[in-house]
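First up is the structure itself, then whatever we jot down about it.
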Amino acid sequence: MRVSEGPVRLASVFGEGVYTENCPTRAALSRVTSRWAPLLLAALSDGEPLRWNELRHRASGITDKMLSQTLRALEADGYVHREARPVVPPHVEYSLTPDGVALTARLLDLMTFVSTRELGTADER
C-alpha cells in the first residue's frame, strides 16, 4: 500500500510476529537499512556494474571491512549480483538484481524525502 493511500499498520501486512526479535522480516529490514547498504544500492542504481574500488570511493568513509560485509549481505539477500571474471588480477563487478532494482527504487524515494526535508529549517517543517 502506498503512503498516499493512507497509513498502514505494519502488523496488518506482516502479522503480529513482525514485532518479535526473531522475525525474519525484521532481520532483513535491518540489513537493507544499515548505515552503508542504502548508499551502496544507490551507487549501483545507475545500471552500470561497478568494481569494488569504485563502490568504495562512492561510499566515502566506508572501511574495507564494512564494504566487504555489506556487499556479502546484499548478495546473500539477493539484491546484489557479484560477477568474478577468471583473470589475473581478479576482476569483480557488482550490479543490482531485479529485486535489488525494486528495493533501490523504494530506498531512493526515502532518501529523496529525507534529503529534501533536511535542506529546510526546523521552522519550515
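The values are calculated or read from the model by the stated rules, or taken from the named source; none is laboratory data. Predicted model, so just to flag it, every value in this text is computed and none were measured. Reconstructed Cβ throughout: ideal geometry from the backbone, glycine too, with neighbour counts over all protein chains shown.
Side notes on the structure shown:
- Matching entry among Ala84, Ala73, Ala59 (being in contact with a Lys or Arg (Cβ under 8 Å, 6 or more places away or on another chain) and either small (Gly, Ala, Ser) or surrounded by 12 or more Cβ atoms within 10 Å (Cβ to Cβ) (or both)): Ala73
- Condition check for Leu55: touching a Ser or Thr at 6+ places or on another chain (Cβ under 8 Å) and assigned to a helix (DSSP H, G or I): no
For (1) at pLDDT below 90; (2) of a type outside the set (Gly, Ala, Ser), each residue gets a yes or a no:
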site: Glu83; (1), (2): no, yes
site: Val88; (1), (2): yes, yes
site: Ser95; (1), (2): no, no
site: Gly100; (1), (2): no, no
site: Leu107; (1), (2): no, yes
site: Ser115; (1), (2): yes, no
site: Gly120; (1), (2): yes, no
site: Asp123; (1), (2): yes, yes
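- Restricting the first member to segment 66-93 and to residues that are in contact (Cβ under 8 Å) with a residue 40 or more places away in the chain, and the second to residues that are among the aliphatic types (A, V, I, L, M) and surrounded by fewer than 16 Cβ atoms within 10 Å (Cβ to Cβ), the beta-carbon pairs closer than 6 Å and six or more apart or on different chains are Val92/Ala84.
- Conditions (1) of a type outside the set (Val, Ile, Thr); (2) part of a helix (DSSP H, G or I); (3) within 30 Å of Ser12 (Cβ to Cβ); number of the one not met by Arg35: (2)
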